1. How about the range 189-263: which helices (runs of 4 or more DSSP H) wholly inside it have at least 1 residues that are among the acidic types (Asp, Glu) and closer than 27 Å to Cys354 by Cα?
2. Being within 22 Å of the chain's Cα centre (by Cα), touching a residue at least 60 places away in the same chain (Cβ under 8 Å) and under 27 Å from Ser123 (Cβ atoms): is that true of Asp50 here?
3. Please work out which residue is farthest from the ligand (Cβ to nearest atom), limiting yourself to the range 222-249 and to residues that are more than 16 Å from Thr361 (Cα to Cα) and small (Gly, Ala, Ser).
4. Given the options Ser36, Ser40, name the one that is modelled with pLDDT of 95 or more, among the polar types (S, T, N, Q), more than 19 Å from Gly116 (Cα to Cα) and in a loop (DSSP other than H, G, I, E, B).
5. Out of the residues in the range 389-405 that are within 16 Å of the ligand (Cβ to nearest atom) and more than 14 Å from Arg170 (Cβ to Cβ), which is surrounded by the fewest Cβ atoms within 10 Å (Cβ to Cβ)?
6. Determine whether Glu62 is part of a loop (DSSP other than H, G, I, E, B) and either among the acidic types (Asp, Glu) or farther than 21 Å from Gly229 by Cα (or both).
7. Residues that are buried (at least 24 other Cβ atoms within 10 Å of the Cβ), away from the ligand (no atom under 13 Å from the Cβ), within 13 Å of the chain's Cα centre (by Cα) and not small (Gly, Ala, Ser): does the range 196-219 have at least one?
8. Quick one: which of Gly112, Gly137 is within 17 Å of the chain's Cα centre (by Cα), modelled with pLDDT of 95 or more and crowded, with 24+ Cβ neighbours inside 10 Å?
Amino acid sequence: MKYFSTRGVGPVGLDEALRIGIASDGGLFLPEQLPSFGVSDFTDAVSISDVAAAMLRPFFVESVLLDDVHSILAETFSFPIPATALHVDGQDVSMLELYHGPTAAFKDVGAGFLAGCLSRLASKDDSPLTILVATSGDTGGAVAAAFDQRPGMRVVVLFPEGRVSERQERQLCCWGDNVLSLKVQGSFDDCQALLKAAMADEELSLRHHFSSANSINIGRLLPQMCYFGDASLRHYKRTGNSPGFIVPTGNLGNAFACVMAREMGLPIGPIILATNANRTIADYFESGSWSPRPSLRTLASAMDVGDPSNMERLRKLVGEAAALRGQLRVSSVSDEQIESALRLDFDEFGFATCPHTATATHTWRHLDNELASQHDWILVATAHPAKFETIVEPLIGAAVPVPPELEALLSRPVKSVSIKPDLPSLAAALSGD
Ligand SMILES: *Cc1c(COP(=O)(O)O)cnc(C)c1O
């Protein structure tokens with residue numbers, strides 16, 4: 001399989017696309033064509049790893065990792081991803097729980113897969129790699145967890161000092177010696193700018209062999225397609241229906257993976273993007289003009305994105321606004337609506353949801369009659385509510401139990417280094433000065 005940039009350069013192989021993350025023309029990698037499947041191709045697939053192996057093998061043709069696909073997937077899907085039935089009269093609706101990984105958010109899946117691929121690539125050509133990641137909270141923890149203790153791999157996490165939740169900061173700073181956690185005295189944008197400056201600096205890049213694990217790497221999207229595929233196949237085998245999915249959306253990586261899975265022939269019905277008050281995607285669908293803007297702070301902070309990068313992939317794959325309107329729907333959910341959805345979820349489902357997941361449950365409760373009555377629905381739960389307990393607990397008036405894996409992380413010792421948001425400070429920290 002060959003990969004091309006959304007802006008034209010290519011082709012490159014999978015290994016190169018994984019290693020460099022972003023194309024040399026600044027575009028994002030897409031496979032030159034998507035493989036095509038029918039439900040009967042999955043008759044023998046028992047576990048999610050089996051489904052994933054069938055879906056992903058075509059993407060690895062010509063990769064040096066082809067023979068490692070099974071072991072990479074076994075590592076990636078080492079935790080359960082259940083679709084839990086919600087008991088609602090007269091409707092078949094369930095919640096796809098993507099939050100049972102080490103850092104309790106769906107980003108563990110993409111990070112685990114990318115770590116599996118990059119560490120094997122590094123050991124095959126015997127060249128150590130330094131993975132840079134700028135994070136506003138969830139991504140950095142997932143990437144650090146995935147690369148923690150892997151030989152030949154070093155991770156440098158850049159996060160904005162004082163702007164992540166206490167539990168998120170613990171998850172960013174509790175790792176082994178191969179993870180360097182840097183609190184940048186600035187904003188998330190400063191962290192991203194610093195990462196780009198470091199990767200563009202030839203001398204630093206040569207010395208440290210940088211690679212990046214940010215959310216635009218194709219290696220994050222590939223495994224994400226698989227849980228949509230697996231959940232849709234299970235649903236289809238049980239009911240004969242192709243379920244609709246409602247996906248909490250920020251940078252559009254997760255929802256784009258769902259669209260790819262549907263394009264590949266998996267039994268997926270309507271797809272709805274649930275966004276927060278950041279309306280860039282919703283406005284584009286309505287007006288047809290693409291106008292990225294600074295992000296607004298909302299309760300669903302991991303979705304506070306004003307310029308969703310994966311829109312570039314979606315427009316390349318599906319088309320412009322008119323074409324997109326025929327394939328997808330968007331809903332924009334305000335903070336007030338998130339708050340009321342968090343209360344209703346707890347009352348009606350009997351368990352708490354997180355503020356991101358609440359954009360999906362709100363959207364589901366307000367579907368028009370036709371969509372609600374003609375389809376079964378799978379609501380995508382992107383993080384465990386215990387990560388956002390300061391928002392959720394006062395609203396539901398109850399404590400959210402902390403899952404054991406998260407508890408274990410939160411009790412580990414932490415260490416981090418505070419740096420100024422400039423390249424010399426980063427270079428000094430990288431050299432241990
Ligand atoms: C990153 C994240 C999202 C948004 O996912 P995208 O792929 O960026 O659209 C939603 N919920 C949580 C909890 C996240 O961490």
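1. Working: elements: 202-208, 218-239, 253-263.
Output list reads 218-239.
2. On the way: within 22 Å of the chain's Cα centre (by Cα): yes; touching a residue at least 60 places away in the same chain (Cβ under 8 Å): no; under 27 Å from Ser123 (Cβ atoms): yes.
For Asp50, the condition - within 22 Å of the chain's Cα centre (by Cα), touching a residue at least 60 places away in the same chain (Cβ under 8 Å) and under 27 Å from Ser123 (Cβ atoms) - is not met.
3. Looking only at the range 222-249, we keep the residues that are more than 16 Å from Thr361 (Cα to Cα), and these are 222-242.
Narrowing the set further to residues that are small (Gly, Ala, Ser) leaves 229, 231-232, 240, 242.
On the way: Gly229: 17, Ala231: 16, Ser232: 18, Gly240: 30, Ser242: 22 Å.
Only one residue fits best here, namely Gly240.
4. Numbers: Ser40 fails: in a loop (DSSP other than H, G, I, E, B).
The conditions single out Ser36.
5. Pro403
6. Values: part of a loop (DSSP other than H, G, I, E, B): yes; either among the acidic types (Asp, Glu) or farther than 21 Å from Gly229 by Cα (or both): yes.
Against the criterion (part of a loop (DSSP other than H, G, I, E, B) and either among the acidic types (Asp, Glu) or farther than 21 Å from Gly229 by Cα (or both)), Glu62 qualifies.
7. No, the range 196-219 contains no residue that is buried (at least 24 other Cβ atoms within 10 Å of the Cβ), away from the ligand (no atom under 13 Å from the Cβ), within 13 Å of the chain's Cα centre (by Cα) and not small (Gly, Ala, Ser).
8. Gly112
The values are calculated or read from the model by the stated rules, or taken from the named source; none is laboratory data. Fair warning: this is a prediction, and the values are worked out from it, not measured in the lab. Neighbour counts are summed over all protein chains in view; Cβ atoms, including those assigned to glycine, are modelled from backbone coordinates with ideal geometry.
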